[in-house]
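Structure, as structure tokens:
The values are calculated or read from the model by the stated rules, or taken from the named source; none is laboratory data. The model shown is predicted, which means the values in this text are computed figures rather than measured ones. All Cβ positions, glycine included, derive from the backbone under ideal geometry; neighbour counts span all protein chains shown.
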């Protein structure tokens with residue numbers, strides 16, 4: 001296992017700007033990385049030190065590529081260090097819909113990579129010796145209405161036909177497995193699980209560093225421009241990098257670094273909270289098999305345990321840095337108590353939020369808007385597993401893989417119409433999703 005604590009000898013820790021979340025409080029440490037100063041040259045420069053960027057860096061560093069990762073804040077500051085940590089190896093559409101959307105060859109590749117993504121991530125964790133509290137005991141994908149259950153059954157049939165091993169649970173089985181009487185049924189995904197997400201992203205960082213990559217924190221890239229000999233120049237406040245190739249992996253925290261890119265995804269907010277460590281009696285009544293859970297509500301409820309027996313539970317929110325805004329935490333708390341009545345009155349120790357990137361077709365996007373500049377983003381709430389798929393794909397393309405062999409097609413950047421208006425109304429629209437969910441139960 002990586003000796004991350006030893007790396008802190010004589011060095012300040014990374015993570016001083018992170019929100020006060022469960023993950024920030026319990027993650028393995030990582031030494032703070034320097035700010036970029038002066039001029040440097042690398043083979044590949046990666047913008048963004050989250051799951052995607054760092055898994056790409058690992059892939060390249062293992063092949064001897066000279067890599068620099070430039071992070072505006074600190075390793076795992078964005079969605080990677082704030083996520084629910086659920087490893088969910090399935091997409092939101094059926095395999096035949098995937099192929100219809102992106103083409104037969106890439107579609108087949110993406111379906112196969114998705115089905116393998118859970119096992120592949122846990123194998124990476126073992127291979128690199130990353131201490132991130134990995135638990136691979138499966139995922140309950142549960143339905144809040146009969147209509148939603150019909151959709152899950154169609155999903156299960158289609159994905160199993162493509163090679164999945166997903167089981168259907170009836171109402172009684174779902175209650176036994178989840179501890180909740182709130183659901184009409186669900187699916188069980190055996191290769192799924194959960195991790196401590198901030199420890200995982202720091203583990204990828206440590207692996208990249210050990211194989212020769214460089215990481216620069218507090219080094220926001222302010223401009224990307226062409227340099228001599230078809231190279232790229234990345235400028236920061238105090239330094240610059242000349243690189244043969246560039247990769248942008250900023251996902252839901254994408255700014256205006258590349259034209260139109262910010263407008264290709266909708267930045268939804270995921271709100272989370274964590275209880276005090278639950279008693280053995282409580283744990284026997286709530287997710288007794290230590291699976292993860294996520295339901296079919298529009299405002300989605302999802303949950304898992306941490307290593308100390310805290311239940312971390314999340315839903316859609318309005319503002320990532322203000323969990324109580326527009327009743328966000330109150331909805332989460334009341335929803336938890338409705339689904340798991342035994343938790344009424346439990347103490348809540350942490351609450352935090354982060355952004356997730358949603359694409360119009362609910363699939364991750366790989367772009368190459370200029371020769372030698374790649375972009376990977378848009379993981380639609382499946383980021384813990386699918387970012388590693390993207391990282392390996394970006395690395396493979398940079399190392400010479402054919403586009404047809406990748407799990408993602410290389411697609412043009414297309415801005416979402418009326419993006420600014422839609423992004424502005426999302427915070428207000430989120431509470432309405434919960435209202436629509438309650439109305440579903442009245443039908």
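Would you check which residues across region 44-63 are surrounded by fewer than 24 Cβ atoms within 10 Å (Cβ to Cβ) and under 11 Å from residue 213 (Cβ atoms) and list them?
Of everything in region 44-63, those that are surrounded by fewer than 24 Cβ atoms within 10 Å (Cβ to Cβ) and under 11 Å from residue 213 (Cβ atoms) turn out to be 59, 61, 62.
All but one of (1) surrounded by fewer than 16 Cβ atoms within 10 Å (Cβ to Cβ); (2) under 17 Å from the mean Cα position of the chain (by Cα) hold for residue 349; state the number of the condition that does not hold.
(2)
Rundown of residues vs (1) under 22 Å from residue 200 (Cβ atoms); (2) touching a residue at least 24 places away in the same chain (Cβ under 8 Å); (3) part of a strand (DSSP E or B); (4) in contact with a helix residue (DSSP H, G or I) (Cβ under 7 Å, 6 or more places away or on another chain), yes/no style:
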site: 234; (1), (2), (3), (4): no, yes, yes, no
site: 242; (1), (2), (3), (4): no, yes, yes, no
site: 245; (1), (2), (3), (4): no, yes, yes, yes
site: 288; (1), (2), (3), (4): no, yes, no, no
site: 294; (1), (2), (3), (4): yes, yes, yes, no
site: 304; (1), (2), (3), (4): yes, yes, yes, no
site: 312; (1), (2), (3), (4): yes, yes, yes, yes
site: 320; (1), (2), (3), (4): yes, yes, no, no
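Could you run through region 27-61 and say how many residues are in a loop (DSSP other than H, G, I, E, B) and within 23 Å of the chain's Cα centre (by Cα)?
9
Applying the selection to region 1-26, what residues are crowded, with 17+ Cβ neighbours inside 10 Å, assigned to a loop (DSSP other than H, G, I, E, B) and at pLDDT 85 or above?
Selection gives 14, 15, 18, 19, 21.
Residues checked against (1) closer than 21 Å to residue 358 by Cβ; (2) under 17 Å from the mean Cα position of the chain (by Cα); (3) assigned to a helix (DSSP H, G or I):
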position	(1), (2), (3)
114	yes, yes, yes
124	no, yes, yes
137	no, no, no
151	yes, no, yes
164	no, no, no
168	no, no, no
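Taking the condition within 21 Å of the chain's Cα centre (by Cα), modelled with pLDDT of 95 or more and farther than 19 Å from residue 374 by Cβ, does residue 75 pass?
yes
Please list, ordered by first then second residue, the pairs with beta carbon atoms under 6 Å, 6 or more apart or interchain, first in region 332-353 and on the phi < 0 side of the Ramachandran plot and free of Cβ contacts under 8 Å to residues at least 40 places away in the same chain, second loosely packed, with under 14 Cβ neighbours inside 10 Å and not in a helix (DSSP H, G or I).
337/344
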